[in-house]
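Report on the following structure.
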Amino acid sequence: MAASGERIFVQAIRSYGMRHGIDVDVRAGGWLIAMRRAGLRRFAFGYDIGLNSAIAHRLANDKSATSEALSLEGVPCIPHHLFLNPKLGRNVVDAAWREAMLGLLHDHPQGVVVKPNEGTSGRSVFRVTTGTELDHAADEVFSMSTGLVISPYVEIEDEVRVILLDDQPRVVYSKQRGADWRHNLDAGARPVLLEDGETRAACVKLAIEAASAIGITFASVDVVRVDGDWRVLEINSGVMMEALAKLHPELVQATYDAALDRVFGGS
């Protein structure tokens, strides 16, 4: 959140609008933004700037669907197994859902990670190694989500975020983990821009393959190195750069500018 109280995303759109003759109307506490120039009106919602198709947006926002789609295309990824909230009823949820969860835990004695199926910036993410911990994590996630995913716990050696626009890397940075076991920026990780080299090239290549697999135009792709190999962790349709903007505001503004140029036809 910027000093003005507005998110960097909102400020970036306001800045673009002032420089390109676009009226910007911020509603719903900054989560809905209407942009108008002449007879053309466009919307941004959350961190989604409006370039992605509805199906690409939904796939990216669903961790289980993303991993399934990537697997279909042979893109290396961390598997995410979906479990729907039992409150949805027996007609929707298999009665043996808890046994299936315990089966995954049994198959991964090093532990599993439990988190909401849709993104939460690292919140309500649990590493569990026992049935008791699994029940607690499931209760917590189901209290605020219609579905959770379980993935095997892996030792992440490096995590890199690639922000793509039309299969072109606009921003590539590693997440330098702090005291927390997670690499989430909201959990204290620090973004560090990657220089050109083998690591950057490998991450960009994998991110482009992932974006192509679900047909997404503007996205951030998180890739992780596990046992020396790079895999996709998740894809985000909403491109959030709040933490990065504290260190590289010009780069963040230029990235949103390029995306908004696409929104408004290359203005």
**Complete:** Counting only protein heavy atoms and rolling a 1.4 Å probe, one gets per residue an accessible area for the range 199-267 in Å² of 36
**Item:** Test item: Cα-centred dipole of the range 1-124, Lys/Arg +1 and Asp/Glu -1 on Cβ, debye
**Value:** 620
**Message:** What do you get for trypsin sites (Lys or Arg not before Pro) in the range 1-109 restricted to DSSP loop and a cutoff of at most 12 other Cβ within 10 Å of the site's Cβ?
**Reply:** ARG90
**Item:** Extended-chain gain in nm, criterion 0.36 nm per residue less alpha-carbon gap, GLU250 and ALA201
**Value:** 15.4 nm
**Item:** Value of [θ]222 nm, deg cm²/dmol, for the chain, DSSP H segments ≥ 4, -39500 (n - 2.57) each, nearest 500
**Value:** -10500 deg cm²/dmol
**Item:** Share of carbon and sulfur in the accessible heavy-atom surface of the chain [1.4 Å probe, %]
**Value:** 50
**Asked** Taking the alpha carbon gyration tensor of the chain, what are the square roots of 5 times its eigenvalues, largest first, to the nearest whole Å?
**Response** 33, 21, 17
**Complete:** Probe 1.4 Å, heavy atoms of protein chains only: per residue, the accessible area of the range 17-115 in Å² is 58
**Request:** Please give the length that would be gained between ASP25 and THR130 if that part of the chain were fully extended, namely 0.36 nm times their separation in residues minus their C-alpha to C-alpha distance (nm, one decimal).
**Result:** 32.8 nm
**Prompt:** Can you give the Kirkwood hydrodynamic radius for the range 91-154, in Å, rounded to one decimal and based on Cα pairs?
**Reply:** 11.9
**Proximal lysines to LYS87, defined as alpha-carbon separation beneath 18 angstrom and excluding residues fewer than eight positions away on the same chain** = LYS115
**Message:** Can you give me the orientation-averaged projected area of the convex hull built on the Cα atoms of the range 204-254, in nm²?
**Reply:** 4.3
**Item:** Which of HIS80, SER67, ALA96, positive extreme of dipole for the range 52-108 (C-beta unit charges)
**Value:** ALA96
**Message:** Over the Cα atoms of the range 26-172, what radius of gyration and what Dmax do you get, in Å?
**Reply:** 18.3, 60
**Request:** At q = 0.11, 0.19, 0.21, 0.22 Å⁻¹, what is the base-10 log of I(q)/I(0) for the range 85-225 according to the Debye formula with one equal point scatterer per Cα and no solvent? Please give it to two decimals.
**Result:** -0.51, -1.14, -1.23, -1.27
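The values are calculated or read from the model by the stated rules, or taken from the named source; none is laboratory data. Computed from a predicted model, the values in this text were never measured in an experiment. When we count neighbours, we look across all protein chains shown, and the Cβ atoms used for this are built from the backbone with ideal geometry, even at glycine. Heavy atoms of the whole protein, side chains included, go into the accessibility calculation; ligands, DNA and RNA do not. Shrake-Rupley method; radii C 1.70, N 1.55, O 1.52, S 1.80 Å.
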